[in-house]
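Encoded as C-alpha cells, the structure appears first; notes follow it.
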2 protein chains.
Amino acid sequence: MSQPKLLHYTLDPTSRLVRLMCAEYGVDVELVHIKAWRREPDFLEVNPSGDVPVLHVDDQLTLVGASAVIYFVEEQFGAQPVLLPTDPIGRAETRRLVDWTLNKLADDVTRYIVEEKYIKNDLPGGTPDTSVLRAARANLTEHLTYFNYLLATRRWLAGDEMTLADFALAAQISTLDYLSEMPWDTVPEVKDWYQRLKSRPAFRTLLLDRVVGMPASANYADLDF
Amino acid sequence: MSQPKLLHYTLDPTSRLVRLMCAEYGVDVELVHIKAWRREPDFLEVNPSGDVPVLHVDDQLTLVGASAVIYFVEEQFGAQPVLLPTDPIGRAETRRLVDWTLNKLADDVTRYIVEEKYIKNDLPGGTPDTSVLRAARANLTEHLTYFNYLLATRRWLAGDEMTLADFALAAQISTLDYLSEMPWDTVPEVKDWYQRLKSRPAFRTLLLDRVVGMPASANYADLDF
C-alpha cells in the first residue's frame, strides 16, 4: 500500500479524529491542507458534499464522508487492541457516543465555533458573530455537563476501555481547546480524562499543530494543564 | 432472545430504516409509538439525546442513537446477503451514502418537513411555517438531483448490489412521500429505483402505516405509481 493521503484542514475535528486513529495505529499519513469551505470545483468533484476528511488510500480508492473514512481506518488499519469493541454492548455504546460527538456536539457547538473563529478569517469581511458564539458556548456547557457526568462513573467514555468514542470526543475538544473555548475548571472529570488521552503518543500529531496568525490557547500543548 | 421492542414514531425516517432492516432480516419487532419531541423525563432517562429510534433488545440491552441501533441490527440480525458489503470499497461507498442520507438529507430536508407538517400537529398553536417548508423543498431538489444522477449510472445507490444505503434513502423518501413531498416526475431514475424497493416484502411494514387525521399521499402504498 502506498502512503495514504488525508485531505483536511487544521482545526477540522473529524479530520483530527482520523489523524488520531492513524497515529494510534502507526499508519503514516500524508496531510494535505484544503480550504474545504471554499467549495472549489476540483474538490467538489472528489466529494460532492464538500467536506473533509477525504482519504486517498491509493489510485483506486478514495474515501469520503466521516463514517466511511473512520470505519475504513478502523477495519483496515486497526491493530489489536481495536478502538471499536468486539462485544455487541460495547460496540453499541461506542457508536452511540461517536454519533453524539460527530453529529450533535459537532452540529451544536464545534462547527459554529470553527466557522466563526477560524473559517471566517479566510472570508472577505468575515468577522465572528458574537451571538452565534454565545449560543454555541451555551450548547457546549450542556454537552460538557453530560460528558462530565459520564466520566464521573466510568474510566473511559464508553466504559472500562478506551474506544473510538474517546478519540472522537477528544478530537472535538482539541479543536475547542486550541481556540480557547474549553472551560476546564467547570468540568474536572473531563479535564482528568483529557489529560490521560493527551499524554498518549498518538496525540502528538495534534499538539504540534499551529495555525498561522492564530496562536493556540496557552495550555493547548501542555500535558499538565 | 425475547422479542425486540422499537421505540419510534410513525414518520421518523431513521426508525423506518430500522423497521425495514428488521423486516428484511425476518426479525419481528414490537413497535411502541412515542412522541419523542415532547421530551418526557422517562424517555430522556432512556436516551438523553431525546430522539428515536431506541431498540430494547432485552432487559440488559437498550440501544440508542441511529448508528448504534442500525449497525447492531446489521451485525446481530443480518443474514446472508447482508446489507453492508464485505469488500472495503463497497463498505465505504455504502457508509458514505448512509451518512449523507442520515445526516445531510435528514438535516437539510426531512426533519424540517416532519417538524412542520407532522410534529407541529401535536403542539399547541402549531402551524407549519411555509418559509421553512419552502427552504426544505429547495434543498430536497438538490439532493434528489444528485441521487438521480447516481442512479442513472448504477443499479443501486452504492453500486451493483442493494445495500443499507438504499434502505436508508428509501426510508427518508417514504416519509417524504407519505407527506406528498416527492416530486416524482422530476426524478425518473429515483422513481424507478424506489418502485423496485417498494415491491420488496420488507416494505409492507411501511406501506401499511397510517397517521390519524393525516392521510398518506394518493399513491403512497401503490406499487405502480
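At-a-glance table
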read-out: Residue check for A:Asp99: at the interface with chain B (Cβ under 10 Å from one of its Cβ atoms), within 16 Å of the chain's Cα centre (by Cα), outside any helix (DSSP H, G or I) and among the charged types (D, E, K, R); value: no
read-out: Those residues of region A:167-186 which are buried (at least 24 other Cβ atoms within 10 Å of the Cβ) and free of Cβ contacts under 8 Å to residues at least 60 places away in the same chain, in sequence order; value: A:Ile173
read-out: Members of region A:102-125 found to be free of Cβ contacts under 8 Å to residues at least 24 places away in the same chain and at the interface with chain B (Cβ under 8 Å from one of its Cβ atoms), listed by number; value: A:Asn103, A:Asp107
read-out: Candidates A:Glu74, A:Glu142, A:Glu93, A:Glu40 - the one that is farther than 26 Å from A:Asp160 by Cα and either in the same structural domain as A:Glu24 (by TED's automatic domain parsing) or among the charged types (D, E, K, R) (or both); value: A:Glu40
read-out: Region A:76-90 - residue that is free of Cβ contacts under 8 Å to residues at least 24 places away in the same chain and more than 7 Å from every other protein chain (Cβ to nearest Cβ) and, of those, farthest from B:Pro48 (Cα to Cα); value: A:Gln80
read-out: Test: residue in region B:110-129 that is at pLDDT 95 or above and over 27 Å from B:Arg210 (Cβ atoms); value: no
read-out: Residue identified as in a loop (DSSP other than H, G, I, E, B) and in contact with a strand residue (DSSP E or B) (Cβ under 7 Å, 6 or more places away or on another chain) among A:Val27, A:Val52; value: A:Val52
read-out: Meets criteria (farther than 23 Å from A:Ser67 by Cβ, more than 15 Å from the chain's Cα centre (by Cα), more than 9 Å from every other protein chain (Cβ to nearest Cβ) and among the aliphatic types (A, V, I, L, M)) for B:Val29; value: yes
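Conditions tested, residue by residue: (1) hydrophobic (A, V, I, L, M, F, W, C); (2) surrounded by 22 or more Cβ atoms within 10 Å (Cβ to Cβ); (3) within 16 Å of the chain's Cα centre (by Cα); (4) in the same structural domain as A:Thr141 (by TED's automatic domain parsing).
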site	(1), (2), (3), (4)
A:Glu45	no, no, no, no
A:Gly50	no, no, no, no
A:Asp58	no, no, no, no
A:Val64	yes, yes, yes, no
A:Ile70	yes, yes, yes, no
A:Glu116	no, no, no, yes
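The values are calculated or read from the model by the stated rules, or taken from the named source; none is laboratory data. In this text, all values refer to a predicted model and were calculated from it rather than measured experimentally. All Cβ positions, even for glycine, are placed from backbone atoms using ideal geometry, and neighbour counts span all protein chains on display.
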